[in-house]
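The values are calculated or read from the model by the stated rules, or taken from the named source; none is laboratory data. Computed from a predicted model, the values in this text were never measured in an experiment. Counting neighbours? That spans all protein chains shown, and the Cβs are built from the backbone with ideal geometry, glycine included. Only protein heavy atoms, including side chains, enter the accessible area calculation; ligands, DNA and RNA are left aside. Shrake-Rupley method; radii C 1.70, N 1.55, O 1.52, S 1.80 Å.
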Amino acid sequence: MTNELMGILVAVIAVSVTLGGLILTSNRGLKQDMAQMETRLREDMSQMRGDLKQLGDRVARLEHGQAKLEGLLEGLREAITGRTVSG
């Protein structure tokens, strides 16, 4: 092998090792970023579950209030008309 070919071979190996190091470093950074994003996503999902539970509780209270109002209106109709409403 000539000196020129040895120089080229060394240069190719050096570039390959450098690129491999860059790729590994980049992957490590990506893994850390993904872990942080996963943690934030889990926290956000937990918050959303709490918000949905509160929303469900509010809807249940509204349904209960609406049922009471419907009962009162039905009683008022019966009192005014003197007849019962079938339904």
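When a 1.4 Å probe is rolled over the protein heavy atoms, the share of accessible surface on region 1-71 that falls to carbon and sulfur comes to 64 percent.
Label zone of Asp33 (point 7 Å out along Cα→Cβ, amide N under 16 Å): in region 1-26 this covers 22-26. Among the protein heavy atoms, those of Thr39 account for about 70 Å² of accessible surface (1.4 Å probe, every chain in place). The heavy atoms of Ser16 offer some 70 square angstrom of accessible surface to a 1.4 angstrom probe.
The value obtained for the chain, namely the Cα convex hull volume divided by the number of residues, is 121 Å³ per residue.
In order along region 27-40, the Karplus-derived 3J(HN,Hα) couplings, from 6.51 cos²θ - 1.76 cosθ + 1.60 at θ = phi - 60°, round to 4, 4, x, 5, 4, 5, 4, 5, 5, 5, 5, 5, 4, 5 Hz, and Gly and Pro are given as x.
Kindly report the accessible area of the chain per residue (heavy atoms of protein chains, probe 1.4 Å, no ligands, DNA or RNA), in Å².
Spelled out: the 1.4 Å probe surface of the chain, per residue, equals 94 Å².
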